Structures are given as structure tokens and as C-alpha cells.
Amino acid sequence: MLHSRSCRGGMVTAPHHLAAQAGAAVLREGGNAVEAMVAAAAAIAVVYPHMNGIGGDGFWLIAEPGKAPVAVRACGQSAALADQAFYRDHGDTSIPARGARAALTVAGAVGGWQAALDVAAPWGKALPLSSLLADAIRHAQDGVTVTPSQAALTKSKWNELKDVPGFVEAFAADGQPQVGDTLKQPRIAATLARLAEAGLDDYYRGDLARSIARDLEALGSPLRLADIAGYRASVVEPLSVQLSVGRVFNQPPPTQGVSSLNIIALFDRLGVKEAEGFAHLHGLVESTKRAFRWRNRHVGDPAYMTADPREALSDAVLDAEARAIDMQRAAPWPEVAKPGDTIWMGAADAQGRVVSYIQSVFWEFGSGLVLPESGVQWQNRGASFTLAPGPNALLPGRLPFHTLNPALAQLKDGRVLAYGTMGGEGQPQTQAAVFTRHVLFGQDMQAAVTAPRWLLGKTWGEDSTNLKLESRIAPQVIDALRAAGHDIQVVGAFEDMMGHAGAVAFHPDGRIEGATDPRADGACAGV
């Protein structure tokens, strides 16, 4: 029988055990949930470099008792030089996914760390950055063991990445890494040590910023120092929706957080009574289709959107959309899929403060570009822009569409639940699977995370847009879904493509509960 982990002094859940332990070490030192998450974020940037890094973006939801949650949007804008003419002049018919011209948006994650620490500043005496970054610096300097997912993704993406400047030197200097090899990143260790000494703002407006800008320009990126210096992470109001069990929060655009809220709000209206049967899976898949159609037509930089995501989450719209779902037949599909690789982590401290955080370089290893001086691996988030008209058409200074969307719920029973996953197109779907199983149907948190999952659409390099089901789903349910008109593909029992999910909850009695995904290399580290 699967059971979640519990403690009372604080907990961090992460898809790599060393990141969870880095966060827990900060909690033991007297740090709060945000400080623990910064430590975990820095550590996972080192130990899981194929999924995220300090050259990427991040999004936060932060809740403290008695207050509405706040969101931190830490995604960078496109370069001032990154217009459509720039790419057409280089002969590009679309924005490259790899290399220097894919590195066209400012990396926001480090600025988000500072913005989150500023939110937590009134909570008490802050720990020094040297304490928060200590584990990450040590892992980068001394080396970490290459995980199966890093080895597999290096091999599968080798032809895309091997010729990108800096990639082989940083991640495959002795040949393609094998499981169990040691990866050392001395330049990242030095960069993190510089941030610990000079402050996180040095990444954008100090010596480190100047180093980053020099390397990006020399390698052929459109980013310049002015783009980096002009970046600030933003504290914004999260989107939310009221369900029968409580209120759920997520990130506003440019993320797909509206889709995650839309799916569970539609499903909550369908009257499904039990988990794991045809009605559960079919209802969530059909809710996903309706949510994704709205997302694909409207979501982008909020400054350019003409549709209001709050209207899409209104009772009137949700009621009408739910009535349009046929609980016996599958609606037509596909729509355009949104790829992406990332990490989600959650933290809670003994004072009831809860954090849901996600950090990413977009595709595995991002642009593949590794800067010579700092060792920073730059994201390719700007590849989600298009050179054609639409909600994500490339313009200078524009925010790109983001698959990233951490989730948080304040439940009527008094629990505060942070949950999320990586996985691009699969993020809203996996969130819905975990939330409905655990909250609506009462499954143990760990059982809900471990249970077999599904994915509508393509991700992780898959070209097919069908409905993929892990093979542990009951055969009669698979048969019923196929009979209802779903285009089914049965995959392995525990598939990476289904995301690396997790959850952490603070209970009214002070108990902290957590779960981690067996599909990843993670842990729940409690205090």
C-alpha cells in the first residue's frame, strides 16, 4: 500500500533527492519555506541540468496563513533585437529550437528567487545567501551522479545538441555520459559563489551580467546587456477558481495556468463519483480538450491578449462548457501541442507557509548553448514564439507563452496543498489527475501521484497527438475509452513522458504531508 510521507517541522518535495535535501537543510537551519525553495532551486539547477538551470525561467505561488496567495512571475522578455526581420535575415523560416538564435529571451529564474525572498522578508531574520546556495555550490564543484533521465536525454537529443557551442564541453567532455558517471560543473560553482557573495542582482546588473551579455553576443544571440539589465521579476495576482472542495490557484498568462484551472473546474461539474473508471479518465480528457482550445487561441503575453482568462473561469462560461461535454463520446482532436521540460517542487514550513514552484529551460537542455565564462546553460523559451500572426507572434520585449504553471489549493477542510509536475502539454493533465484522485476522491497523496496516468497530445519529442495511457490502467477502461472514439496508444507502466509530479500539504493540526513521483529521482525530505 502506498502512503505519503508526514512530518511536522517542514518538508520539501523535489524530483531529485539532493534538491529536496538541500531545502530540508535550510529548514533545519531555521529558514522558511521560500528560503528552502531557493536552496532546492539552486541545487536542482546543478543536479538535474537536462530539465532546468539558472539560465531559465521560474514561477512561484506563495501562501501564508490568513492571507491570499501571491504569485511571482519570473520569466524574461524577448531581446530588443529579436524581431521577425532578425530571423528572416538569417534565413530562418521559424525560430530555431537550438543554438544561439534560440537564446532570445532573458533568463528570469534568479530574479524570481530574489522576488520570492522579498515576499518572505517580513517573516523574520533572513538566512544569508551563502547558506541557501551552499549545497548547490558543493554539488557543482565536487560533482553529482548522472541520472538515468539525463543519460537517456543526452543520447536521444545528441544530434541536436552536439554542435551547439559549449554543450559538449559542459555535459559530455568525456563522451556521452552514462548512468553513474560523475558530472562536475566548476564554472557553475564559481557563478553561484559569485551570486552568494555579490547578491542575486549581480546576475542582471553586475559583473556577472556583463560576462553573460558578452558571451551571448559573441555566440550570436540577439540578447544584449540592456535586455538583461532591464529585467525585473514581478509579483502578480494569481488566477483562481472556486471548486466544490475549495479554491485553487495558478499562474496567469503568459502561462497555461488558466488551462489547469479550467480542466479541474469543468470536471468538478461533471458529477463523476469515483476514480479510475471510464468516467474519470474520459471526463478529464474531454475537459482538457476544451481547455486547450481556449488556450491555443488566446494565451500569450497578457499585454497583447484580447481575451480575459478570468472570464474563461467564470461560473457562466464553465457551466456552459461542462454541459457541452459528451460523457459517452470523444470529441475530435488534435490541436497544436505545447512541448517543454521542467521541474516542479513544493515546500512547507512549520508555520504553515506553503510554496509551489516550477523552474525550466523549456526543452531538454534548453537552447543547448553554454556560456564560456559563467557556464550558464541558456533556455530556448523564445522558441515558443512564431514568425506568423497570432497570440505568440515574435515582437521585441514580448513575453513568450509558457507551459509552466505551479498549482496551489486552499481547501475547505483547512489544508493548503501545493502540487505540480513537469511535462509541457502534460502539466495541466497530470495536475488534474493528481488533484482529482487525492482531493475529490480521497486517495492517499502518494497513491495519487504514483497511479497510472495519461497524456493527450505530444511531448518529449513524440510526434503523435493521440491519447497515451500507461499500461497499468485497467484493460476494461482502455477498451471503454477506445470504444468511445479515443485514439489510444498504450505505453509503458511508468513513463517519463507522463511528467514528474509531486505534492506537499500543510494540515490544520500542523502535520505536513508530501509525495514524490517514482518516475523521477526524487524524495520528500522532512524535518
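The values are calculated or read from the model by the stated rules, or taken from the named source; none is laboratory data. Keep in mind that this is a model prediction, so the values were computed, not measured. Glycine gets a Cβ as well: all are built from the backbone with ideal geometry, and neighbour counts include every protein chain shown. The area values use the complete protein model at the heavy-atom level, side chains included, leaving out ligands, DNA and RNA. Shrake-Rupley method; radii C 1.70, N 1.55, O 1.52, S 1.80 Å.
In region 208-256, the residue that is least open to solvent (accessible area, probe 1.4 Å) out of those that are of a type in the set (D, E, K, R) and in a loop (DSSP other than H, G, I, E, B) is R224.
Quick one: would you say D319 is more than 21 Å from D487 (Cβ to Cβ) and either at pLDDT 95 or above or open to solvent by 30 Å² or more (accessible area, probe 1.4 Å) (or both)? Yes, satisfied.
Note on region 89-143: residues that are polar (S, T, N, Q) and assigned to a loop (DSSP other than H, G, I, E, B) total 2. The number of residues in region 295-316 that are free of Cβ contacts under 8 Å to residues at least 60 places away in the same chain and crowded, with 19+ Cβ neighbours inside 10 Å comes to 2.
Every listed requirement among (1) open to solvent by less than 60 Å² (accessible area, probe 1.4 Å); (2) without any contact (Cβ under 8 Å) to a residue 60 or more places away in the chain; (3) more than 22 Å from the chain's Cα centre (by Cα); (4) closer than 29 Å to R101 by Cβ is met by G283 save one, (4).
Here V248 passes the criteria (1) over 30 Å from S259 (Cα atoms); (2) in contact (Cβ under 8 Å) with a residue 60 or more places away in the chain; (3) not charged (D, E, K, R) except the one numbered (1). Restricted to region 402-520, the set of helices (runs of 4 or more DSSP H) holding at least 2 residues that are at pLDDT below 95 comprises 427-435.
Taking the residues in region 398-425 that are small (G, A, S) and open to solvent by less than 10 Å² (accessible area, probe 1.4 Å) as candidates, determine which candidate is farthest from R511 (Cα to Cα). It comes out as G424.
Taking the conditions (1) within 25 Å of the chain's Cα centre (by Cα); (2) within 30 Å of Q77 (Cβ to Cβ) in turn, V245 satisfies each one other than (2). Can you tell me which residue in region 125-140 is farthest from the chain's Cα centre (by Cα), limited to those that are small (G, A, S) and open to solvent by less than 40 Å² (accessible area, probe 1.4 Å)? Out of the qualifying residues, it is S131.
Taking region 169-186 as the range and being open to solvent by 40 Å² or more (accessible area, probe 1.4 Å) and under 25 Å from the mean Cα position of the chain (by Cα) as the test, the residues that pass are V179, K184. Number of residues in region 286-331 that are part of a helix (DSSP H, G or I), under 20 Å from F385 (Cα atoms) and among the polar types (S, T, N, Q) equals 1. Entry remark, region 492-527: residues being surrounded by fewer than 16 Cβ atoms within 10 Å (Cβ to Cβ) and in contact with a helix residue (DSSP H, G or I) (Cβ under 8 Å, 6 or more places away or on another chain) number 1 in total.
With respect to the stated conditions, D268 is open to solvent by 20 Å² or more (accessible area, probe 1.4 Å), closer than 30 Å to A451 by Cα and not β-branched (V, I, T).
Confirm whether Q114 is at pLDDT 95 or above, over 15 Å from Q377 (Cβ atoms) and open to solvent by 20 Å² or more (accessible area, probe 1.4 Å). Yes: the conditions hold for Q114.
Taking first residues from region 73-85 that are closer than 30 Å to L61 by Cβ and open to solvent by less than 10 Å² (accessible area, probe 1.4 Å) and partners that are small (G, A, S) and not in a loop (DSSP other than H, G, I, E, B), the Cβ contacts under 7 Å between residues at least 6 apart in sequence or on separate chains come to A74/G58; A74/A109; A74/G111; A74/G112; A74/A115; S78/G382; A82/G382. For region 365-397, filtering for residues that are open to solvent by 10 Å² or more (accessible area, probe 1.4 Å), closer than 27 Å to H500 by Cβ and touching a strand residue (DSSP E or B) at 6+ places or on another chain (Cβ under 6 Å) leaves 2.
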